[in-house]
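Comments concern the structure below.
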Amino acid sequence: MKRIIPLFVATLTSFFVLAGLIWPVSLGGYLNIVLDWAIIVGAMALLVAIAHLFLAQWRKIARGNRSSFYSLVFVIVFLLSLGGGLVMGVDDPEYRLWISSIQKPLEVSLLGLAAVVMAGAGVQFYRTRGWSPLTVAFGVSALVFLVIDLGFLQVLNSPPVNAIIKTLQMLPLIGARGLLIGMSFGALIVALKALTGEGVGND
Amino acid sequence: MSADILLGLVGLILTLMVFSYIFGDNLFFRVALTILAAVSAGYTAAVLITKVIIPLLIHPLGATRGAALLWMVFPLLLAVLVGLMIFPRLSKLGKIPLSFLVGVFAALTIFGVVRGTLTPQLLAVINRFSPELLQNAGLPDWARIVWAVMVLLGVIAVLLAYQHYTHKRKADEAHASLLDGVGSIGQIFVGITLGATFVMIFSTALVALISRVVWIKDFLAGLL
């Protein structure tokens with residue numbers, strides 16, 4: 001019984017949403033209402049997750065753990081960020097300037113750092129996976145596309161070279177299509193499993 | 001000290017804290033990550049409260065009268081049940097609103113994947129065999145025919161590579177060797193795609209690294 005009620009709610013909701021998407025003229029108005037409800041519940045669930053994160057850090061400070069210094073930094077910065085947004089408003093230019101002045105350098109620097117880490121990860125990939133058609137194709141493809149991206153070959157302005165580059169640049173599309181179709185089937189299976197009860201309401 | 005210089009100094013310190021990871025995992029890097037997580041969480045919470053909860057739930061409750069108010073009771077009830085999940089003892093009450101959410105997202109995923117990804121991708125493979133595309137001045141265009149066949153076989157090989165990973169242990173020997181062969185071709189196509197994607201992400205990361213170093217140089221030059 002514990003499992004049947006959540007499953008019933010999930011299945012009923014999904015059939016209604018699917019019906020609304022398939023027959024937008026008859027059910028479109030009601031679909032918008034249900035989607036608004038989903039936005040509210042989703043936002044609330046995200047707020048609860050953030051509250052759990054905050055409380056976990058708060059408990060670490062209270063216990064005086066070794067990592068409580070990071071928790072203290074988290075709590076102070078979180079409260080300043082949240083308080084600023086609530087008092088000044090999230091659209092306030094000064095608040096946005098402060099938030100972006102902290103987020104932007106951190107995000108861009110982390111992306112820059114990723115270049116250094118990725119160079120090492122590329123080598124690590126061979127150590128962990130060994131030699132296989134996948135790893136060899138990966139290495140050759142990475143080298144070829146690095147050379148193409150440098151742009152030196154395009155400077156030659158030779159029609160045969162340009163034709164080869166154009167053909168090479170289309171090769172990744174084949175794998176990408178296969179991967180996208182495979183992932184779509186995977187997503188469909190996960191969604192259908194959720195509707196048939198696997199993963200909903202499990203204790 | 002002007003606000004621009006102050007914000008620039010904050011940016012400089014945070015950048016150096018992140019780059020300190022080059023010398024190994026350390027306190028400064030961890031503090032930088034903690035700040036990023038805290039600012040993002042605080043900002044997200046502020047946006048959710050001021051842009052979703054207040055305008056979609058609280059304001060309509062005050063402004064609506066009569067039968068329309070009943071429409072607002074249901075999301076309010078669901079939101080309260082989710083909110084009670086903060087307390088571990090009452091977390092089970094959140095199952096019903098979360099099931100509602102799972103139902104909505106499952107339906108949107110099924111519809112979105114079928115209409116937005118699966119159908120266009122399958123059509124992109126099949127449409128290459130359209131007679132208009134495979135002919136040039138009434139004669140067969142062999143280059144396009146070869147390419148269309150290669151795309152079709154490549155996509156099938158990639159899909160069989162998935163199958164190969166899933167059923168590797170179950171398949172009998174003859175079946176397994178056939179799957180191995182086709183799966184290897186699929187792996188080559190996946191490898192090519194991953195290699196190209198790796199280079200794309202690596203180039204973007206490299207540009208970000210260079211832009212950050214140039215920004216530090218310019219900021220310090222402006223200070224001196």
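The values are calculated or read from the model by the stated rules, or taken from the named source; none is laboratory data. Owing to the predicted nature of the structure, the values given are computational and were not obtained by experimental measurement. Glycine also receives a Cβ, built like all others from the backbone with ideal geometry; neighbour counts cover every protein chain displayed.
Is there a residue in segment B:55-68 that is farther than 26 Å from A:Thr13 by Cα, buried (at least 19 other Cβ atoms within 10 Å of the Cβ) and touching a helix residue (DSSP H, G or I) at 6+ places or on another chain (Cβ under 9 Å)?
If we filter segment B:55-68 for residues that are farther than 26 Å from A:Thr13 by Cα, which is where we start, we get B:62-63, B:65.
If we keep only those that are buried (at least 19 other Cβ atoms within 10 Å of the Cβ) as well, we get none.
The answer is no; no qualifying residue exists.
For residues that are facing another protein chain (nearest Cβ under 7 Å) and buried (at least 21 other Cβ atoms within 10 Å of the Cβ), tally how many sit in segment B:80-94.
Applying the first criterion (facing another protein chain (nearest Cβ under 7 Å)) to segment B:80-94 yields B:82-83, B:85-86.
Keeping just the survivors that are buried (at least 21 other Cβ atoms within 10 Å of the Cβ) gives B:82, B:85.
Residues in segment B:80-94 being facing another protein chain (nearest Cβ under 7 Å) and buried (at least 21 other Cβ atoms within 10 Å of the Cβ): 2 in total.
Between a residue in segment B:73-84 that is touching a residue at least 40 places away in the same chain (Cβ under 8 Å) and any residue that is β-branched (Val, Ile, Thr) and crowded, with 20+ Cβ neighbours inside 10 Å, which pairs come within a Cβ distance under 9 Å, given they are 6 or more apart or on different chains?
Sorted first by the residue in segment B:73-84, then by its partner, the list stays empty.
Among the residues of segment A:110-123, which ones are without any contact (Cβ under 8 Å) to a residue 12 or more places away in the chain and either facing chain B (nearest Cβ under 10 Å) or under 24 Å from the mean Cα position of the chain (by Cα) (or both)?
Answer for segment A:110-123, where residues must be without any contact (Cβ under 8 Å) to a residue 12 or more places away in the chain and either facing chain B (nearest Cβ under 10 Å) or under 24 Å from the mean Cα position of the chain (by Cα) (or both): A:Leu110, A:Leu111, A:Gly112, A:Leu113, A:Ala114, A:Ala115, A:Val116, A:Val117, A:Met118, A:Ala119, A:Gly120, A:Ala121.
Picking from A:Trp37, A:Trp23, which residue would you name as being over 30 Å from B:Gly8 (Cβ atoms) and touching a helix residue (DSSP H, G or I) at 6+ places or on another chain (Cβ under 6 Å)?
Sole residue among the options that is over 30 Å from B:Gly8 (Cβ atoms) and touching a helix residue (DSSP H, G or I) at 6+ places or on another chain (Cβ under 6 Å): A:Trp37.
Which fully enclosed helices (runs of 4 or more DSSP H) of segment A:63-169 have 1 or more residues being in contact with a Leu (Cβ under 9 Å, 6 or more places away or on another chain) and either more than 23 Å from B:Ile49 (Cα to Cα) or not polar (S, T, N, Q) (or both)?
Because the criterion is at least 1 residues that are in contact with a Leu (Cβ under 9 Å, 6 or more places away or on another chain) and either more than 23 Å from B:Ile49 (Cα to Cα) or not polar (S, T, N, Q) (or both), the helices (runs of 4 or more DSSP H) in segment A:63-169 that meet it are A:68-88, A:93-129, A:133-150.
Taking the criterion of being within 10 Å of chain B (Cβ to nearest Cβ), within 23 Å of the chain's Cα centre (by Cα) and crowded, with 16+ Cβ neighbours inside 10 Å, would at least one residue in segment A:135-149 satisfy it?
No: zero hits.
Please give the helices (runs of 4 or more DSSP H) falling wholly within segment B:78-167 in which 1 or more residues are within 28 Å of the chain's Cα centre (by Cα) and within 27 Å of A:Pro133 (Cα to Cα).
So the answer is B:119-126, B:142-167.
Yes/no per residue for (1) aliphatic (A, V, I, L, M); (2) closer than 25 Å to B:Leu27 by Cβ; (3) more than 7 Å from chain B (Cβ to nearest Cβ):
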position	(1), (2), (3)
A:Asn32	no, no, yes
A:Ile39	yes, no, no
A:Leu46	yes, no, no
A:Ala49	yes, no, yes
A:Phe54	no, yes, yes
A:Gln57	no, yes, yes
A:Ile61	yes, yes, yes
A:Asn65	no, yes, yes
A:Ser68	no, yes, yes
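A:Phe8 - would you say it is surrounded by 14 or more Cβ atoms within 10 Å (Cβ to Cβ), assigned to a helix (DSSP H, G or I) and at pLDDT 95 or above?
So A:Phe8 fails the test.
Looking at (1) without any contact (Cβ under 8 Å) to a residue 12 or more places away in the chain; (2) more than 30 Å from A:Arg96 (Cα to Cα), which is the one condition that is false for B:Ala46?
(2)
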